[in-house]
Amino acid sequence: MKERIVSELERIERERNVSILLAVESGSRAWGFASPDSDYDVRFVYVHRRDWYLSVLEPRDVIEEMLPGDLDVSGWELRKALRLFAKCNLALNEWLGSPVTYRADLSFREQLTNLIPRHFNPIAGTHHYRKMAKRALEDNYRDGHIGIKKVFYVMRPLFACRWIANTGTQPPTAFADLVSASWVNDDERHWVAELQRLKTHAFEAQLIELDASRAQKLRAEIARYEVAAGSRSAAEKPSLSDLDGILREWVTA
């Protein structure tokens with residue numbers, strides 16, 4: 001599958017006349033809890049030649065292709081990616097930390113990764129992950145049951161909120177790194193390990209029981225992060241000169 005993905009990325013470069021600077025796996029395969037029938041979610045950052053940027057109108061700045069074989073390929077143009085990076089777009093931050101890489105200019109990746117601490121906003125980050133956890137629980141928990149994979153869509157952003165609360169930094173992309181943190185207790189680790197064992201052979205839609213007491217603990221933690229994020233003072237926005245420099249460096253004739 002990796003060979004096919006690399007081949008599709010090369011085709012996109014030829015057909016669109018772009019250069020791909022970073023291409024990684026996103027979603028459950030990057031997080032580390034994919035199901036046997038999980039899609040491949042390939043995300044990338046690309047750059048056009050200089051003349052594309054010298055236009056009165058701004059052309060379309062995304063590339064999206066749904067390909068056969070559960071292959072979802074989507075990319076952001078570099079200027080769009082940098083604008084979102086400046087707004088602490090956590091999807092892009094997670095791409096930079098993805099453990100599954102298909103294409104990467106190591107210099108570009110290192111440049112942006114090194115700037116994450118400067119542009120990361122703990123308030124925005126907490127709100128982002130809290131909303132993900134809340135939506136995953138509310139949309140999927142019914143009559144004491146929830147899809148086995150959906151439990152991870154609740155726990156991963158909750159553990160990310162804890163990471164931010166304890167470090168004030170961008171949480172790691174891999175779920176295993178979040179679970180190994182000292183603020184995750186042994187009961188939670190054992191529960192997650194058992195869920196991961198069950199999920200190895202489960203399809204994404206398979207339901208499991210989630211007892212009311214554990215569901216209530218999850219709701220209470222989600223609510224705490226809503227209060228905690230709202231009580232923080234707004235973070236000062238950093239200068240964008242460093243991102244301007246990256247754009248100018250990677251846009252070539």
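The values are calculated or read from the model by the stated rules, or taken from the named source; none is laboratory data. All of these numbers come straight from a predicted model, not from anything done at the bench. Here the Cβ positions follow ideal geometry from the backbone for every residue, glycine too, while neighbour counts run over all protein chains shown.
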> If you go through segment 38-67 one residue at a time, how many are closer than 28 Å to Arg4 by Cα, out of contact with any helix residue (DSSP H, G or I) (no Cβ under 8 Å at 6 or more places or on another chain) and without any contact (Cβ under 8 Å) to a residue 40 or more places away in the chain?
Replying inline: 4
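Rundown of residues vs (1) farther than 28 Å from Cys161 by Cα; (2) hydrophobic (A, V, I, L, M, F, W, C), yes/no style:
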residue	(1), (2)
Ala23	no, yes
Arg43	no, no
His48	yes, no
Asp51	yes, no
Arg60	yes, no
Arg103	yes, no
> Which ranges mark the helices (runs of 4 or more DSSP H) fully within segment 131-244 that have 1 or more residues being free of Cβ contacts under 8 Å to residues at least 40 places away in the same chain and more than 25 Å from Pro99 (Cα to Cα)?
Replying inline: 186-199, 212-231
>> Give me the strands (runs of 3 or more DSSP E) completely within segment 61-106, filtered to those with at least 2 residues that are assigned by TED's automatic domain parsing to the domain that holds Ser35 and among the acidic types (Asp, Glu), ordered by residue number.
In response: 62-67, 71-77
> Within segment 104-111, is there a residue that is aromatic (Phe, Trp, Tyr), touching a residue at least 60 places away in the same chain (Cβ under 8 Å), farther than 13 Å from Val42 by Cα and surrounded by 13 or more Cβ atoms within 10 Å (Cβ to Cβ)?
Replying inline: yes
>> Can you pull out every residue in segment 16-72 that is surrounded by fewer than 16 Cβ atoms within 10 Å (Cβ to Cβ) and at positive phi?
In response: Asn17, Gly69, Asp70
> Has segment 207-214 got any residue that is modelled with pLDDT of 95 or more and surrounded by 14 or more Cβ atoms within 10 Å (Cβ to Cβ)?
Replying inline: no
> Which one of Ile116, Ile123 is part of a helix (DSSP H, G or I), aliphatic (A, V, I, L, M) and either without any contact (Cβ under 8 Å) to a residue 60 or more places away in the chain or touching a strand residue (DSSP E or B) at 6+ places or on another chain (Cβ under 6 Å) (or both)?
Replying inline: Ile116
> Of the residues in segment 120-148, how many are aliphatic (A, V, I, L, M) and within 16 Å of the chain's Cα centre (by Cα)?
Replying inline: 4
>> Suppose we filter Pro59, Pro117, Pro36 for residues that are over 13 Å from the mean Cα position of the chain (by Cα) and closer than 24 Å to Ser180 by Cβ; which single one remains?
In response: Pro117
